[in-house]
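The block underneath contains the structure these notes are about, expressed in structure tokens.
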Amino acid sequence: MIRPPRLEPGATIRIVAPSGPVPREPFLAGVAVLRARYDVRYDEGIFARDGYLAGPDDRRLAELTRALDDPDARALIMARGGYGLLRLLPFVEPAALAGRPRTLVGFSDGTALLACAARAGVVSIHGPVVTQLGNLSTEDQRALFDRLETPGPAPLLSELEEVIPGRAQGRLLGGNLEVFSRLLGTPYLPDVEGAILFFEDLGERPYRLDRLITHLDLAGLFSAASAVVLGDFSSCHEPEPTRAESPTADQVLVDRLGRLPVPVVRGGAFGHGTRNRALPYGALCELDTRSGTLTTLEGAVS
């Protein structure tokens with residue numbers, strides 16, 4: 001795996017919107033956080049809207065391609081999640097990701113691009129999008145800067161709750177459960193053999209989470225993995241009045257994954273909630289359920 005060069009304060013980063021429409025106010029709040037440390041650039045077309053997309057495919061692809069071709073850009077950060085990246089993947093050349101490696105940052109719908117980069121052999125960062133960044137704690141903002149600027153081993157998550165005990169090492173892969181599942185059967189799914197899989201999601205009802213987990217299980221992903229880490233599953237509940245009759249999302253996840261023969265933990269501080277700790281996507285990591293910790297053994301950058 002290629003780890004892109006580390007950033008220094010003042011480095012140029014580009015913001016792209018390859019997915020859903022970008023709300024201006026939270027976007028500018030996130031830009032202010034980034035501009036306090038880096039030279040931030042983006043196209044005004046980033047505020048385009050075409051239904052549930054940040055403009056038509058050709059606009060979003062052209063913006064992403066320009067950012068990947070920019071010789072000054074040391075990192076690309078996604079403006080927000082939503083939907084849309086799957087439509088662009090056939091036009092993203094692996095050579096553009098690996099030939100001039102720079103750090104990609106995003107999550108949610110951005111899972112598709114992070115997985116594509118991992119398939120191309122490049123480590124990226126599963127971390128806050130720009131519209132989320134302004135609402136995160138200073139600690140989580142600092143964690144993103146650390147992942148961008150600091151190579152080598154580092155603690156990532158703590159206070160993880162043990163579901164199945166054990167210790168494991170592997171490359172950290174996964175992301176948004178729904179989006180990652182959509183990569184099955186495509187040429188964009190990274191090799192999960194020996195991987196530590198991590199997942200989060202938003203707004204999926206418990207039975208849908210069951211279906212997603214079962215789908216990955218039937219496809220052999222959990223048989224290949226070395227461990228599983230669960231993060232935030234915000235608003236993953238049944239609507240009223242049937243909510244009281246349904247198992248909770250947590251109960252479903254523990255029931256379905258608590259049968260695996262590999263270490264499993266829950267309670268990771270990443271996802272769509274109030275926490276989103278930056279994680280090195282594709283980097284070698286170690287999970288220790290006894291100490292409740294996830295540690296990177298090499299970092300996201302070199």
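The values are calculated or read from the model by the stated rules, or taken from the named source; none is laboratory data. Quantities reported herein were computed from a predicted structural model and do not represent experimental measurements. Note: ideal-geometry Cβ built from the backbone for every residue, glycine included; neighbour counts use all protein chains shown.
Of the residues making up segment 110-140, those that are more than 19 Å from Thr65 (Cβ to Cβ) and free of Cβ contacts under 8 Å to residues at least 40 places away in the same chain are Thr138, Glu139. Filtering segment 97-124 to residues that are surrounded by fewer than 16 Cβ atoms within 10 Å (Cβ to Cβ) and in contact with a helix residue (DSSP H, G or I) (Cβ under 7 Å, 6 or more places away or on another chain) leaves only Gly121. Counting only residues that are out of contact with any Pro (no Cβ under 9 Å at 6 or more places or on another chain) and either surrounded by 15 or more Cβ atoms within 10 Å (Cβ to Cβ) or not assigned by TED's automatic domain parsing to the domain that holds Tyr281 (or both), segment 230-248 holds 5 of them. Annotation note: of Ile2, Ile77, Ile13, the sole residue that is surrounded by fewer than 19 Cβ atoms within 10 Å (Cβ to Cβ), in contact (Cβ under 8 Å) with a residue 60 or more places away in the chain and among the aliphatic types (A, V, I, L, M) is Ile2.
Within segment 69-105, the set of residues being part of a helix (DSSP H, G or I), hydrophobic (A, V, I, L, M, F, W, C) and either modelled with pLDDT of 95 or more or in contact with a Gly (Cβ under 7 Å, 6 or more places away or on another chain) (or both) comprises Leu85, Leu86, Leu88, Leu89, Phe91, Ala98.
Within segment 46-68, the residues that satisfy the criterion of being under 29 Å from Val301 (Cβ atoms) and assigned to a helix (DSSP H, G or I) are Ile46, Arg60, Leu61, Ala62, Glu63, Leu64, Thr65, Arg66, Ala67, Leu68. The set of residues in segment 264-294 that are more than 24 Å from Gln132 (Cα to Cα) and surrounded by fewer than 23 Cβ atoms within 10 Å (Cβ to Cβ) comprises Leu284, Glu286, Asp288, Thr289, Arg290, Ser291, Gly292, Thr293. For segment 244-271, filtering for residues that are without any contact (Cβ under 8 Å) to a residue 24 or more places away in the chain and within 13 Å of Glu204 (Cα to Cα) leaves 1. In the set (1) surrounded by fewer than 24 Cβ atoms within 10 Å (Cβ to Cβ); (2) touching a helix residue (DSSP H, G or I) at 6+ places or on another chain (Cβ under 8 Å), Glu93 fails one condition alone, (2).
You will find that of Thr242, Thr274, Thr289, Thr295, the residue that is more than 16 Å from the chain's Cα centre (by Cα) and either closer than 28 Å to Thr103 by Cβ or among the aromatic types (Phe, Trp, Tyr) (or both) is Thr295 and no other.
All conditions but one from (1) of a type in the set (Gly, Ala, Ser); (2) surrounded by fewer than 20 Cβ atoms within 10 Å (Cβ to Cβ); (3) farther than 23 Å from Leu294 by Cβ; (4) in contact with a strand residue (DSSP E or B) (Cβ under 6 Å, 6 or more places away or on another chain) apply to Ala154; the one that does not is (3).
The listed residues are Phe107, Phe47, and the only one of them that is aromatic (Phe, Trp, Tyr), within 24 Å of Val192 (Cα to Cα) and not assigned by TED's automatic domain parsing to the domain that holds Gly174 turns out to be Phe107.
Take Phe180 and decide whether it is surrounded by 22 or more Cβ atoms within 10 Å (Cβ to Cβ), farther than 26 Å from Ser291 by Cα and of a type in the set (Phe, Trp, Tyr). Judged against the criteria, Phe180 is a match. From the list Arg37, Arg41, Arg24, Arg60, the lone residue that is touching a helix residue (DSSP H, G or I) at 6+ places or on another chain (Cβ under 9 Å), within 16 Å of Val130 (Cβ to Cβ), buried (at least 22 other Cβ atoms within 10 Å of the Cβ) and modelled with pLDDT of 95 or more is Arg60.
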